[in-house]
1. For segment 166-191, which positions are surrounded by fewer than 23 Cβ atoms within 10 Å (Cβ to Cβ) and over 20 Å from Glu85 (Cβ atoms)?
2. Can you give me the ranges of the helices (runs of 4 or more DSSP H) entirely in segment 144-208 with at least 3 residues that are more than 18 Å from the chain's Cα centre (by Cα) and free of Cβ contacts under 8 Å to residues at least 60 places away in the same chain?
3. State all residues of segment 198-221 that are under 21 Å from Ser135 (Cβ atoms) and out of contact with any Gly (no Cβ under 9 Å at 6 or more places or on another chain); if no residue qualifies, say none.
4. Quick one: is Arg16 touching a helix residue (DSSP H, G or I) at 6+ places or on another chain (Cβ under 7 Å), modelled with pLDDT under 95 and either farther than 22 Å from Leu4 by Cα or open to solvent by less than 40 Å² (accessible area, probe 1.4 Å) (or both)?
5. List, please: which pairs have Cβ atoms under 7 Å, are six or more places apart or on different chains, and start with a residue in segment 216-232 that is under 19 Å from His180 (Cβ atoms) and end with one that is open to solvent by 50 Å² or more (accessible area, probe 1.4 Å) and of a type in the set (Ser, Thr, Tyr)?
6. Restricting attention to segment 209-231, report how many residues are charged (D, E, K, R) and part of a helix (DSSP H, G or I).
Amino acid sequence: MIELCGAQHFEDSDIRHSSMEAATSLAAGLAGEFCKVEGQPLLEQLIGLNVEWMLEVEEDVDAWTAKADADDDDELDSDQVEIGEENLDQLAERCADVKQLEEVFMPLLFKVIRATMAQPAVSWKHVRACVMAVSQVVEHLEEEPWIDQCVEFIHQQLSHAHPRVRDAGFRAVGQVAYDHEPYVQENHHELLLPAICIGLEDPNIRVAASACSAFTSLGEELDADDIMEYLD
């Protein structure tokens, strides 16, 4: 199934889609087996393949920016992007169900992320895919060190040169702040608030809007003293 998912020579994309659905269903349904030592290489391949599918996004920044008010804000991206995101969410949820999310899934995910980010020709698409991968799975976390690692990784991308990466980063901030309040607010507001203030003045309207949304999620649980120095 994994081999078929990665094949690019089929004229009909349904073959790849069906293969991905089958592979993900097997891994999700047998999460306990895939998290064992002998199953982890396959799980790592599947995680990497879904991140790879998330690369198929719109390259035209102007066209993407023009969709700021669209109901489906990512309608220009290929179906593979949404499939990859949903699959990672499903796999993380099932690994959490069998108590293997922090022990197996997250180390494999960050192994894939490190390998992706270390590529000599890493592009903004790769960085965005890694940010979105973290954003998709963070809600299932329970252990605080993993929440910390996700926040720190996301924060590193908030000043990326490409607007689609910054947009994904601020959306991820909003996600993790919403999923893990008040922990994120209490422990990471000093890291995130300065970046959000910069994001509010981003020259790209979609990035600025995402920064504003991130502040809404983060600021809900903050005390007045926490935001006082940022009011200007």
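1. Listed by number, the residues that qualify are Glu181, Pro182, Tyr183, Gln185, Glu186, Asn187, His188, His189, Glu190, Leu191.
2. Working: elements: 144-156, 163-179, 183-199.
Fully inside segment 144-208 and qualifying: 183-199.
3. The answer is Ile198, Leu200, Asp202, Asn204, Ile205, Arg206, Ala209, Gly219, Glu220, Glu221.
4. Judged against the criteria, Arg16 is a match.
5. Ser217/Tyr178
6. The number of residues fulfilling the criteria is 3.
The values are calculated or read from the model by the stated rules, or taken from the named source; none is laboratory data. Small disclaimer: the values here were computed from a predicted structure and weren't measured. Don't worry about glycine lacking a Cβ; one is built from the backbone with ideal geometry, like all the others, and counts go over all protein chains shown. What goes into the accessible areas is simple: the full protein's heavy atoms, side chains included, and nothing from ligands, DNA or RNA. Shrake-Rupley method; radii C 1.70, N 1.55, O 1.52, S 1.80 Å.
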